[in-house]
Every structure is written in structure tokens, then in C-alpha cells.
1. Over 20 Å from residue A:280 (Cβ atoms) and in contact (Cβ under 8 Å) with a residue 24 or more places away in the chain: does that describe residue A:110?
2. Being in a helix (DSSP H, G or I), in contact (Cβ under 8 Å) with a residue 12 or more places away in the chain and on the phi < 0 side of the Ramachandran plot is the requirement here; does residue B:120 meet it?
3. Residues that are away from every other protein chain (no Cβ under 14 Å), more than 30 Å from residue A:258 (Cβ to Cβ), surrounded by 22 or more Cβ atoms within 10 Å (Cβ to Cβ) and at pLDDT below 90: does the range A:201-210 have at least one?
4. Here are some residues: B:99, B:54. Which one is away from every other protein chain (no Cβ under 14 Å), out of contact with any helix residue (DSSP H, G or I) (no Cβ under 8 Å at 6 or more places or on another chain) and at positive phi?
5. Given B:15, B:41, which one is out of contact with any strand residue (DSSP E or B) (no Cβ under 8 Å at 6 or more places or on another chain) and at pLDDT below 75?
6. Any residue at all in the range B:145-156 that's over 22 Å from residue B:76 (Cβ atoms), free of Cβ contacts under 8 Å to residues at least 60 places away in the same chain and surrounded by 18 or more Cβ atoms within 10 Å (Cβ to Cβ)?
């Protein structure tokens, strides 16, 4: 049974037979591969995602004349506006125009008021990202704490209580949690505002008080997932012989936990963090409605209801880019922590 | 499979709950004591004898709306899971047999569907395609299809390359017999698990969409729509959202429980689990363990 290093060494030997193989050169090669390989997976995802997005816009058969003029649109006006937005060209030409503009950072302009969509999304994405980022932090911190405690105190009542609590959390959709939080903290206790947003430049607390409830609502699913995965990973890592060996060697429980168990058992939980960003961004649509935030989720649903196709495409493209970028980062982190994950990318 | 399931209490809890919920979905509108759309002069009333769960901001009976709304919410979840099953399983099985180009294409499409922010896409698809219930079910079903694609593909890969299937065919087993005996159980269990999971997720998504007024517009009663209207009157009736929330949570929990039970009892792991349970039970009763008991667990 060849180990990862042996396979890696074998590969480099085939590739560059004359070059001296120091530990340093291998290390850089490995890091380079770890960064490049996820790109090979995510570039097709990006291409397909944007293609599906554009196709979706075309399939709806909506046109700017209908959006701007409604039932009053004459065939003449329809043709004029279609020409103005380049909709009278063949599908692939349209797609190419749209895609090359996209690579230059332009998402086109809204069919409703002609405002640039990058500006519209730029104003709103800050709100959604602050909520999503805070939810991510809560999800990782609380989830890791619950999962870690449950694994250390496994099979005790604490473990069972945490497991029960997390399975309760996992069946609560974000918008129900949001409504419960509003009912408790805004309506009954009156300690936090129930709706609205204040930017960070106006002070930390006002910003935080408006963002914390939506972030908690959004984080429930992730807390439950991270806690469950981390507990399972750590429990199986604790059962390994090397942990027994380390204990026999007299290493401190703290060192065993952080160096041996956490590093080997944390992979699945980290992978789950990578997969959870789509959920956080998607959940934004409902939590923003509950908490009256003018974020990008609300923008997406209202543009979609008004038939503003370029705006919807813009939102979808931005979210695809965010998800792909975040997944790349998580993948690289995963490779650093757990060399074996690299083989499966 | 079924005989193993029957021995677990959590299977009974899950199936009783789901049967009740399904009955609610089918008979809900018939059971409603009042017209779910008819308003009255008594607004935002607390629960009373005439209105068992009180009235909402237009004086409509909450219990009737809850019962009438369960149709869209619950049957919607099953419909979504069924669409995902068809859209996901067929390419999943074909990807093993139809050559590398098809395999690569479907794999990339499924990767993309997983990476998309689910709810944003569901909202965009449904609203752009005409904001109807059919559009909502179709788009959510397509977005959920990777769940089925992955499990059916994995199952087909293992089965198609396994020697016991080859051996069964060589020793004269008919195709039907091989399918029933070897391939069926292998593919059915993971697809059943995925179906329970997908129905749970589908229920949440349908509730979220109706909460946003997408797919079904008010005043048509839905669980999500009730939550949306309750949100505006929390100061008067802080307990009102509890009814739909409890129903949603119970249903999702029942689906998750069913998925867990199916996962625990399928395959070798399930055999071990049930053997352990049988042993523990025998020990608790203080009986001497009979050898047949341990051996009888199939």
C-alpha cells in the first residue's frame, strides 16, 4: 500500500527525472497542485452556471418592452427596444456579448429603470454579506463548540442533550427561526430592532443590533450541521490507535485533542462549511423579507416578480462567483489540514 | 427490509406522523370547520369555542386556513420529491452506461446545481417562468435532483461492476430475478433515503416560497403565507406563528427520522444494529441468550 507521499514522489520522478528532489521543491509542487486542481473543478461550474443563468433569461420569453410599457406596448416599440438591448440577435451572439461584458465586470442595465445592475447589486450585497458572514462565524464557532464538547464528553448526558438540541435546530427553517426571534427579542423583550439596516460606518452597535437576529436565524442549519459532522469526525478519530499511542506516551489531553484528534477529525466539518455558503446566500431571500432588509435576496425576488431579466441574471452570477470563490478557499484550507483530501479533489 | 424496519420504534413514530400528515394534506379542506377565505368582523381573536385557534387579521378562522393550506404544503413536498426522483435518477443510472461524454456532462451539470444558491434560483426560476404552482414544483424539483443523481449513480456503479451479479446471470438467473434479488434492494434503499430527505427539504422550500408569495399568491391559504401575514401582527398575537411552525417542524422531523431509520437498517450496518438491539433487549429481560435469537436476525 503506497502512501500519499510515495505516490507524489513517484509522480515527480516521472515528470522531471533530472531535477533534484528536495523536501522544499516537493512541498511547493504539492501546494501548487492543491491550488490548481480545485480550479479545474470550479471553472466548468462557473461556465455552466452562467450559461444556465443566461439560458433561463432567454427561455422566459420576457422582453424589455413588456416590462417598461406593459400592455400598451406596440409591435413597433417592442422591436425598437429589442434592438436597443440587442435581443434581435441570435442566441449565441447574445450570450457571447453578455459573457464578455461579464468578464469585464459589467452586468448590463436594468430593464425597469436603466440603472447599471452592478451598482444596484453593489449597494445591496453589503447588507447580505454582513448577515451571511456573521451567520458563518456563528455557525463555525457555535457549531464547533457544540460538536467538540459532545465529542469530548461522548455518551454522557451532555452529549445526548447536544445531539437532541442540534437535531431540533436542523428541522427549523430559517424564516421560522426569524419569526420566533422577532416575536421574542423585538416584540416581547423590546431589546433589539425587528427590521431595517444601519451601515457599519454609523457605529458598531447599531449595525450589530440590526444584523445579529437575521444572522442567528440563518446560522441554525449550519450550527446543527457543523456540530453533527464534527462530533462524528472527532469520535471516530478518538477511536484510532494513534490516539491510544499518544495517551500511552503521556501527552496531555489538550495536545492530543488539538494536534491529533481535531486535525484528523475536522475534515468533514470543514467540507460542510464549504458547502453551506449556497444555503446562507439562498436563505438570505427569506430572512431579508422577515427582517425588512433591502439586501440582494429581496432584490432578486422583486426583480424576478417584475420580469427584470438582466437584474435576476446579475444576482445569480454574483452569487455563483461568491460560492465558487468561497469553495476554492475552503478547498485550499482542507488540503493544508488534511493531505489525503487532495487525492479526492 | 420491511421486517427489519418494523422492529424499530422510530420507524413507527415516523410513519404514523407521515400518514397523519398525508391525510391532512388530502382531507384538509374537507375537515375545515369554516370557509378559509371568508373574513369576519372578529379580528385577531384569541382561541375560543367557535374559532378553536382564533382568527387572523381579516377575521378568518386560523384552524380552517391551516387545514386548507396543508394541501399545497404537504402534497407539494411529495410532488417536488417525485419530480427530483425522475429528473435525478434517470440520468444517474444512464451516466454509468451511456459513455464518457454524457457522464462528464451530467456530472458537471449536477456539480453546478449543487453549487447554486438554492432558494435564490428557485425564486428566480419560478417568478420568471410565470409564478405558478406548477413552475415552482418543477424548478424546485430540478434543483433537488442532484440528491438522486448521486445516490442512483453510486448504486448503479457498484451493482454493475459486482461479481455476484455476473455470477447470478451466468448461473442462469432470469433478469427479473436478478433485479428483484440483487439490484432492487441495493438501489431502492439509497433512493428511499434520498426521497425522504428530498421531501423534507422540499417541504421547507415550498413553505419558504409561499412565505414570499411566490408560486401561490394570497389569499389562497398556505402555511408559509400564514406565517407571512402573522409576521405583521406579532404585537397583537405573538403566539399565532406557532401553529404553522409546529406543523412544519413536525413534518420535516418525521421525514428526517424516516430517512435516518432507512439508513440505519439498510445494508450490513443495519444487520449489526438490529443484532445489537436484540441482544440488549434479551439482556435487559434477564433471559439466557438463545443461540437461535442471535442467528435469526436477517
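1. Details: over 20 Å from residue A:280 (Cβ atoms): yes; in contact (Cβ under 8 Å) with a residue 24 or more places away in the chain: yes.
Criteria met by residue A:110.
2. Details: in a helix (DSSP H, G or I): yes; in contact (Cβ under 8 Å) with a residue 12 or more places away in the chain: no; on the phi < 0 side of the Ramachandran plot: yes.
When the stated conditions are applied, residue B:120 does not pass them.
3. yes
4. Values: B:54 fails: out of contact with any helix residue (DSSP H, G or I) (no Cβ under 8 Å at 6 or more places or on another chain).
Residue meeting the stated conditions: B:99.
5. Values: B:15 fails: at pLDDT below 75.
It is B:41.
6. Yes, that holds for at least one residue.
So that you can scan it fast, the table gives a plain yes or no per residue for (1) surrounded by 14 or more Cβ atoms within 10 Å (Cβ to Cβ); (2) within 20 Å of the chain's Cα centre (by Cα):
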residue: A:54; (1), (2): yes, no
residue: A:74; (1), (2): no, no
residue: A:92; (1), (2): no, no
residue: A:95; (1), (2): yes, no
residue: A:104; (1), (2): no, no
residue: A:125; (1), (2): yes, yes
residue: A:131; (1), (2): yes, yes
residue: A:143; (1), (2): yes, yes
residue: A:146; (1), (2): yes, no
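Quick grid of which residues meet (1) assigned to a loop (DSSP other than H, G, I, E, B); (2) more than 13 Å from residue B:70 (Cα to Cα); (3) free of Cβ contacts under 8 Å to residues at least 40 places away in the same chain:
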| position | (1), (2), (3) |
| --- | --- |
| B:15 | no, yes, no |
| B:20 | no, no, yes |
| B:24 | no, no, no |
| B:28 | no, no, no |
| B:44 | yes, yes, no |
| B:49 | yes, yes, yes |
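The values are calculated or read from the model by the stated rules, or taken from the named source; none is laboratory data. Owing to the predicted nature of the structure, the values given are computational and were not obtained by experimental measurement. Cβ: placed from backbone, ideal geometry, glycine included. Neighbour counts: every protein chain shown.
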